[in-house]
There are 2 protein chains.
Amino acid sequence: MNKTEIVTLKNEFENELYGSVIPFWINHSIDNVNGGYYNHLDKDGSIYDKTKNTWLLGRQVWMFSKLFRQNQTEKKYLEIAKIGADFLLNNAKTNEGRVYFSLTEKGAPVSIQRKIFSECFYALGLSEYGKVSGDDRFIKEAKYMMGNIWELIESPEKLGRPVYNGTPKLSSLAIPMIMLNLIEEIAENDFSSYSKEIDSCLKKIRLHYYEGMLIENIGEDGKLHDSSSGRLLNPGHAIEAGWFLIHWAQKLKNKELLNFSSDIIRNTFLRGWDNEFGGIYYFLDIEEKSPIQLEWDMKLWWPHCESLYAFLLLYSITKREDDWKNFIKVKEYTFNKFPDKKNGEWFGYLNRRGEITHRFKGGPYKGCFHVPRALLLSINILEKLTEEN
Amino acid sequence: MNKTEIVTLKNEFENELYGSVIPFWINHSIDNVNGGYYNHLDKDGSIYDKTKNTWLLGRQVWMFSKLFRQNQTEKKYLEIAKIGADFLLNNAKTNEGRVYFSLTEKGAPVSIQRKIFSECFYALGLSEYGKVSGDDRFIKEAKYMMGNIWELIESPEKLGRPVYNGTPKLSSLAIPMIMLNLIEEIAENDFSSYSKEIDSCLKKIRLHYYEGMLIENIGEDGKLHDSSSGRLLNPGHAIEAGWFLIHWAQKLKNKELLNFSSDIIRNTFLRGWDNEFGGIYYFLDIEEKSPIQLEWDMKLWWPHCESLYAFLLLYSITKREDDWKNFIKVKEYTFNKFPDKKNGEWFGYLNRRGEITHRFKGGPYKGCFHVPRALLLSINILEKLTEEN
């Protein structure tokens, strides 16, 4: 990979981010009447459902705040972030300090999940918006919510999901992962006050280590739970955890953690890649039983976004040819299959053969997040590689 | 369709039911140590998860009780039904009179749903077992649970799912449908004491009528709710509702209801059939927006089972050639794609092209129910048609 190749890639990523993906959300998602963003957007950007999902509101606030941080002259990014941040602050929180999962277009509560992720993306968005806008109310609110999230993790019965004497005591990869990402975002380089929490999350994640990868659910004793849930591998998730961990290895200057995370990314990609049709499977059973998820063999946009950035980041550290080759392998599949060259943004869901199965650009779980995040983070690495060359 | 054709079909259905499907469950599902049945069975019948799901326990008790009712000399059917009925009675009920969704292999509670279906299949299984065994405890228990279910329907907040001021007031097709089926099973021909409930269910189902079909969720005012959920068509479900309604039209000698249900079956099948690859879609958006369910274009075993019986039943009443042709169309796709000739039973999940995507025979939602129920009901119709010819 010579300088020309890297510059070409950087241009391609920038065109995709600033010429296709971000304009789509600017043109179609913003609700100037009620505030907030619409997230159910059809192929052409038309709204097919006015329900607003807080996961996606929080993530889009984060994304536009990040874009403003990177492009300080573009005031419109900050204005767009404000529309979502205000809407969340005014509507998303319950009286008990939890966060609804979905709201009507006007902000009335629709539903709540028995999970912590609405709270997490609420805190993620408000924190970043508070920082780039300089409005401390949002930072304070994000820290308050972070406190509530720790409480929910310690006392999960508060989420309302009953635990019985036969309920398997499984630890979920998603929780320490999202917390590590949240601490990284909220604390940035001032993370010393979180060192206890960081240690705890890293220990919890290591429990999930299995055959060189990270599996989704593990017994609290670190033993494999012999069930579909206990044998579940979500390759995109493990690879995303891999790059979260690399960021922490860099902050903590921990070489062992860097090697650990690099291996996870490489091993999981090897196992998760479909050698027949290409692309990364959504779910696998680690012992090759039949996965029970109906969508297990589909190719989703986000595992590819995570892998794209993970291998580029890895290469920028190791300069290993195999890491670069894997980056290019993911890049070719991803750019070939997902982008919608006509209407902008990316399709999200392909069948095993790589054919588009869902024409929408935004849905209850796909919004303005994984695609632009991966592109923005990758552009920054490509920039660094250009300077080095 | 001459007599030979009907006799050939009947033999084929009987071979499938008694030579392939039922032996699979007898050989692999029964837990003689702890009681109950295993329902997570791989292609070859091996157990890949020991969790026991009450939906499937209740349904399998019902199925073996029905088989005994039809084949009174086969005591083993009754013995097998007893193993599941005892296990349910001893383990499945909460102190509040609800029913867990899943249990450990020894019967300890694992999880509960915020839905009424575990309760419904518990009542369904115990009622039929009580009748064929003559053990009144089970009939009493089924009627007690039926009372609890009505209470949960009247006061859904008891299920634990919060309702907010933005939560759309939608009526779900599944509830009046399952209740009509449950009354049919529990009351049989002695249904006069349920006439208020039957009327209420029929009215609720008619609310869902849309473009000649039945959609899943409708505003309580009978208006289409403009959302993915409000536009959802589950063709297999609407067709299943169709034959439940035909049974009631026959019991109530209601010609208008018969025409109504016949149209639903025919219109839904026309809309739900995939003209390119064959088979019935799992989910559609009634206004042809992109469905949000990841599995929308998959071909599942159960919508085909429901359609198989629905068209045969319809033909036996109308003697219309188009109803027979549709029966044969479904029969050919279904028998061509789903049965596992080597190991017995049927595969459950195909992709849009009709290729097997999941190799298991039993999973968290697939057990000993839709396949043998459709075969048994169809055999009885084919028997009747043979006699008429």
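Couple of notes before you dig in:
- Unmet criterion (only one of (1) outside any helix (DSSP H, G or I); (2) open to solvent by less than 10 Å² (accessible area, probe 1.4 Å)) for A:Lys115: (2)
- In the condition set (1) surrounded by fewer than 20 Cβ atoms within 10 Å (Cβ to Cβ); (2) within 21 Å of the chain's Cα centre (by Cα); (3) of a type outside the set (Ser, Thr, Tyr), B:Lys253 is compliant with all but (2).
- Any hit, the stretch B:282-292, residues being among the polar types (S, T, N, Q) and open to solvent by 10 Å² or more (accessible area, probe 1.4 Å): no
- Those helices (runs of 4 or more DSSP H) lying entirely in the stretch B:275-389 with at least 2 residues touching a helix residue (DSSP H, G or I) at 6+ places or on another chain (Cβ under 6 Å) and within 14 Å of chain A (Cβ to nearest Cβ): B:301-318
- Single match in B:Lys341, B:Lys299, B:Lys384 (criterion: in contact with an Asp or Glu (Cβ under 8 Å, 6 or more places away or on another chain) and basic (Lys, Arg)): B:Lys299
- Of all residues in the stretch A:355-372 being in contact (Cβ under 8 Å) with a residue 60 or more places away in the chain and open to solvent by 10 Å² or more (accessible area, probe 1.4 Å), the one that is nearest to A:Lys52 (Cα to Cα): A:Pro364
- Helices (runs of 4 or more DSSP H) fully within the stretch A:1-102 that include at least 3 residues being over 26 Å from A:Asp136 (Cα atoms): A:3-16, A:22-28.
- Only one of B:Glu184, B:Glu220, B:Glu197, B:Glu216 that is at pLDDT below 95 and of a type outside the set (A, V, I, L, M, F, W, C): B:Glu220
- Residues of the stretch A:92-107 that turn out to be within 12 Å of chain B (Cβ to nearest Cβ), farther than 21 Å from A:Lys366 by Cα and open to solvent by 30 Å² or more (accessible area, probe 1.4 Å), as a count: 2
- Of the residues making up the stretch B:224-246, none is open to solvent by 10 Å² or more (accessible area, probe 1.4 Å), away from chain A (no Cβ under 14 Å) and more than 29 Å from B:Asn351 (Cα to Cα).
- Residue that is surrounded by the fewest Cβ atoms within 10 Å (Cβ to Cβ) [pool: residues in the stretch B:42-78 that are of a type in the set (Ser, Thr, Tyr) and more than 24 Å from B:Asp340 (Cβ to Cβ)]: B:Thr73
- Residues (crowded, with 18+ Cβ neighbours inside 10 Å and within 14 Å of chain B (Cβ to nearest Cβ)) located in the stretch A:1-41: A:Gly36, A:Tyr38, A:Asn39, A:His40, A:Leu41
- Some residue of the stretch A:130-145 being of a type in the set (Gly, Ala, Ser), loosely packed, with under 15 Cβ neighbours inside 10 Å and either within 14 Å of chain B (Cβ to nearest Cβ) or part of a helix (DSSP H, G or I) (or both): no
- Any hit, the stretch A:252-264, residues being of a type in the set (D, E, K, R), closer than 25 Å to A:Pro176 by Cβ, within 14 Å of another protein chain (Cβ to nearest Cβ) and not in a loop (DSSP other than H, G, I, E, B): no
- Selected residue [closer than 26 Å to A:Gln70 by Cα and under 21 Å from the mean Cα position of the chain (by Cα)] from A:Tyr349, A:Tyr365, A:Tyr333: A:Tyr365
- Tally, over the stretch A:267-281, of residues that are loosely packed, with under 15 Cβ neighbours inside 10 Å and under 16 Å from A:Lys325 (Cβ atoms): 2
The values are calculated or read from the model by the stated rules, or taken from the named source; none is laboratory data. Here the structure is a predicted model, which is why all the values come from computation and not from measurement. Don't worry about glycine lacking a Cβ; one is built from the backbone with ideal geometry, like all the others, and counts go over all protein chains shown. Surface areas here come from the heavy atoms of the whole protein model, side chains and all, with no ligands, DNA or RNA. Shrake-Rupley method; radii C 1.70, N 1.55, O 1.52, S 1.80 Å.
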